[in-house]
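Each value in this text was obtained by applying a stated rule to the coordinates, not by laboratory testing. Keep in mind that what you see is a predicted model, and the values were worked out from it rather than measured. Heads up, the Cβs are rebuilt from the backbone with ideal geometry, glycines too, and the neighbour counts pull from every protein chain shown.
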Amino acid sequence: MTERVVLAYSGGLDTSVAIGWIGEATGAEVIAVAVDVGQGGEDLETIRQRALDCGAVEAYVADARDEFAAEYCMPALQANALYMNAYPLVSAVSRPVITKHLVTAAKKFGATTVAHGCTGKGNDQVRFEVGIQTLGPDLKCIAPVRDLALTREKAIDYAEKNNLPIATTKKNPYSIDQNVWGRAVETGYLEDIWNAPTKDVYDYTDDPTFSPAPDTAIITFKEGIPVAIDGQAVTPLEAIQIMNRRAGSQGVGRIDIVEDRLVGIKSREIYEAPGAMALIIAHQELENVTIEREQARFKKTVGQRWTELVYDGQWFSPLKKSLDAFILDTQKMVNGEIRLEMHGGRATVTGRRSETSLYDFNLATYDEGDTFDQSQARGFIELFGMSSKVASARDQRLGL
Ligand code: ARG
């Protein structure tokens, strides 16, 4: 029987050429799988048909938008996941859900190998292949760009020679990856890290310099998940989509960083994640109101570790799962509403209200009605500073 390869298919030039390229290099039949994670752009039926026209024996489209939002973006929100304090893991959270659908398709169509279009320099190859090894230990992996010497020039050549129904002229200077959680742009002009990003880099956000009148949203959270916006019930996918639009038109969520890749390279990345950033800012503040101090401090460390694991392609790892359990436990009381004002590229919390709040007005107030017994503070401070005081006395005795 002819071997079968499942290919992660985007509809673009490289993966369209990869269909025939893999066939010729390995003699295998290719099954194209396109996963909708809210990347927008072309209609998925058009993409499916193109795969068939490029020689795929089967083409399969999975609408994973709700699943991606609920099971991948929401955990990232609950973790307040910002890699290097800045990047909301846009591409990193999409790879595991795509991998899951690739492995399912491989089983369904009897494939022995899974192929993806990543290069050998990035994080995404690691995320795909570690995920595939974990979910389908019997499956092999190939990356035509990395392993079968498929370069851009060869791809254009191949598409033209074989009359593939794909444009070879419009050369985008950037490498772009996008989904509902955000958009990542790299390469080209941006590789000179002194170059400021030009206007054409952006798509999810409008220029914050010329933003319209301020927009105020009231976001209701239940156990750390947005469940309503301005009183209207929303699904996780809808919450992200609505905030993408509203925060995006205010220019919220533009990020420009040099980032540490897993493979040891520093790379310059431009991200746009208006919905993700607005939701994280709101969620973080609701946590400030509802999570007890020590739990909150520890959660920050856990969230950072979670973020690094997910960035490093360890979505399906045991440690990541254990941290999930901790994070989920912390979210039980993260209920309530946040008022978020968005304007000129910033999203600012201006109000919070919660039935599970730990904010006690009578303890906090400096006005009439204060229930806090201030006389107890003296003794507390005395004991709290005791160990430093003792150490300092010793040092002075020794003349240090
Ligand atoms: N550096 C980011 C990450 O590793 C984004 C990678 C996106 N890929 C792309 N082709 N632009 O998550």
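Remark on the range 42-106: ratio of C-alpha radius of gyration to 2.2 N^0.38 Å is 1.39.
Close amide H pairs (under 5 Å, H built 1.01 Å from N) link V234 with A228, I229, residues at least 5 positions away or on another chain. For A115, the amide hydrogen comes within under 5 Å of the amide hydrogens of V6, L7, A8, I142, counting only partners 5 or more places away or on other chains and with H modelled in the peptide plane. Which of K108/K299; K140/K161; K100/K121 have a Cα-Cα distance over 32 Å? With Cα atoms farther than 32 Å apart: K108/K299. Taking every C-alpha pair closer than 8 Å and separated by at least 6 residues, the mean separation divided by the residue count of the chain gives a relative contact order of 17 percent.
If you place +1 on the Cβ of every Lys and Arg and -1 on the Cβ of every Asp and Glu, how big does the dipole about the Cα centre of the chain come out, in debye to the nearest 20?
920 debye
Ranking N335, G253, L319 by how far each Cα lies toward the positive end of the dipole of the range 250-356 (charges on Cβ) leaves L319 at the top.
The range 323-369 and the range 138-170 have Cα centres lying 50 Å from one another.
By the scheme Lys and Arg +1, Asp and Glu -1, what is the net charge of all other residues having a beta-carbon under 13 Å from that of K161? Neighbour charge sum, excluding K161 itself: -3. 3J(HN,Hα) along the range 305-319: 5, 4, 4, 5, 4, 5, 4, 7, x, 9, 3, 8, 7, x, 4 Hz, from the Karplus curve 6.51 cos²θ - 1.76 cosθ + 1.60 with θ = phi - 60°, whole Hz, x for Gly and Pro. Amide H to amide H, with H built 1.01 Å from N, R352 comes under 5 Å of R339, counting only residues 5 or more places away or on other chains.
Here the 3J(HN,Hα) profile of the range 113-125, calculated from phi with Karplus coefficients 6.51, -1.76 and 1.60 at θ = phi - 60°, is 9, 10, 10, 9, x, 6, 8, x, 10, x, 7, 5, 4 Hz, Gly and Pro shown as x.
Derived scalar couplings between HN and Hα for the range 49-56 equal 5, 4, 4, 5, 5, 8, x, 5 Hz in order, rounded to whole Hz, by the Karplus curve 6.51 cos²θ - 1.76 cosθ + 1.60 (θ = phi - 60°), x for Gly and Pro.
For Y202, Y9, Y366, which order do you get if you count the other beta carbons within 10 Å of each Cβ and list the fewest first? Walk me through the numbers on the way to the answer.
Numbers: Y202 17, Y9 30, Y366 6.
Final ranking by Cβ density, sparse to dense: Y366, Y202, Y9.
Neighbour counting of Cβ atoms within 10 Å sorts the residues Y87, Y359, fewest neighbours leading, into Y359, Y87.
As an exercise, take the mean of 1/r over every pair of distinct alpha carbons in the chain, invert it, and state the Kirkwood radius in angstroms. Evaluated over the chain, this radius sits at 23.5 Å. Sorting M84, M74, M243 on the 10 Å Cβ count, fewest up front, what's the list? Ascending number of Cβ neighbours within 10 Å: M84, M74, M243.
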